[in-house]
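Below is one structure; the comments refer to it alone.
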Amino acid sequence: QVHLVESGGDVVQAGGSLRLSCAASGDIGSVNTMGWYRQAPGKQREFVSSITRGGATKYGDSVKGRFTISRDNAKNTMYLQMSSLKPEDTAVYYCSADAILSYDDIAHHFWGQGTQVTVSS
């Protein structure tokens with residue numbers, strides 16, 4: 001199994017910044033695409049951003065220009081730098097990863113437990 005642990009969630013005022021981290025550990029053969037999703041109360045989970053092992057990135061329309069995703073492959077860790085935060089960014093942010101386990105050649109998809117981001121107006 002691969003465990004994903006998010007950190008960095010907090011309460012911040014509108015216009016502020018936060019940096020989320022997601023660390024992968026466990027039976028890792030390789031970690032491929034990693035991503036961030038978020039879910040606000042009463043809403044469906046929403047794609048935020050993703051990054052491949054090679055560094056190719058994608059962003060959801062609502063965060064383009066404000067959020068920046070990055071990763072450190074040596075540490076199996078991904079980051080999300082969030083700037084110009086808005087109250088509508090308030091949500092639980094979940095980390096996801098596509099990983100091949102050290103004992104098989106099958107791609108598995110894993111989710112973290114989430115970290116709360118609250119943006120006050």
### Task
Tabulate in residue order the Karplus-calculated ³J(HN,Hα) for region 102-109, using 6.51 cos²θ - 1.76 cosθ + 1.60 with θ = phi - 60°, rounded to whole Hz; enter x for Gly and Pro.
5, 10, 8, 10, 9, 6, 10, 10
### Task
Run the 1.4 Å probe and let me know the accessible area of residue 94, rounded to the nearest 10 Å².
40 Å²
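Counting pairs of alpha carbon atoms under 8 Å apart in space and at least six apart in sequence, what relative contact order in percent does the chain give?
On the way: 313 pairs, mean separation 44.2, N = 121.
Relative contact order of the chain: 37 percent.
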### Query
Which whole-Hz couplings ³J(HN,Hα) result when phi for each residue of region 87-98 is put into the Karplus expression 6.51 cos²θ - 1.76 cosθ + 1.60, θ = phi - 60°, listed in order with x for Gly and Pro?
x, 6, 7, 4, 4, 8, 9, 10, 9, 10, 8, 9
#### Entry: Rounded FRET efficiency, nearest 0.05, which uses the C-beta distance separating residue 108 from residue 68 and R0 of 30 Å
0.65
## Note on the structure
Expressed as a percent, the accessible surface of region 12-91 that is carbon or sulfur, using a 1.4 Å probe and the full set of protein chains, is 45 percent
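Accessible area per residue of region 44-119 at 1.4 Å probe, in Å²? Each step should come with its number before you reach the end.
On the way: 3920 Å² over 76 residues.
Here the per-residue accessible area is 52 Å².
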### Message
Using +1 at the C-beta of Lys and Arg and -1 at the C-beta of Asp and Glu, which of 4, 30, 47 has the Cα lying farthest in the positive direction of the dipole of the chain?
### Response
47
### Query
Using a basic spin-label model with each label point 7 Å from the Cα along Cα→Cβ, how many nm lie between residue 81 and residue 52?
2.3 nm
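So how strong a dipole does the chain carry about its Cα centre when Lys and Arg Cβ are +1 and Asp and Glu Cβ are -1, to the nearest 20 debye?
380 debye
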## Note on the structure
HN-Hα couplings for region 3-16 via Karplus (6.51, -1.76, 1.60; θ = phi - 60°), in whole Hz with x for Gly/Pro, come out as 10, 10, 10, 8, 8, x, x, 6, 9, 9, 7, 4, x, x
#### Entry: Computed lengthening from residue 32 to residue 10, 0.36 nm per intervening residue step minus Cα-Cα distance
5.2 nm
### Query
What spacing in nm lies between the two simple spin-label points modelled at residue 43 and residue 116, each 7 Å away from Cα in the Cβ direction?
1.7 nm
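The values are calculated or read from the model by the stated rules, or taken from the named source; none is laboratory data. Bear in mind the structure is a predicted one, so any value in this text is a computation, not a measurement. Ideal geometry is used to build each Cβ from the backbone, glycine not excepted, and the neighbour counts take in all protein chains shown. The protein model used for the area step is the full one, side chains on, heavy atoms only, and it has no ligands, DNA or RNA in it. Shrake-Rupley method; radii C 1.70, N 1.55, O 1.52, S 1.80 Å.
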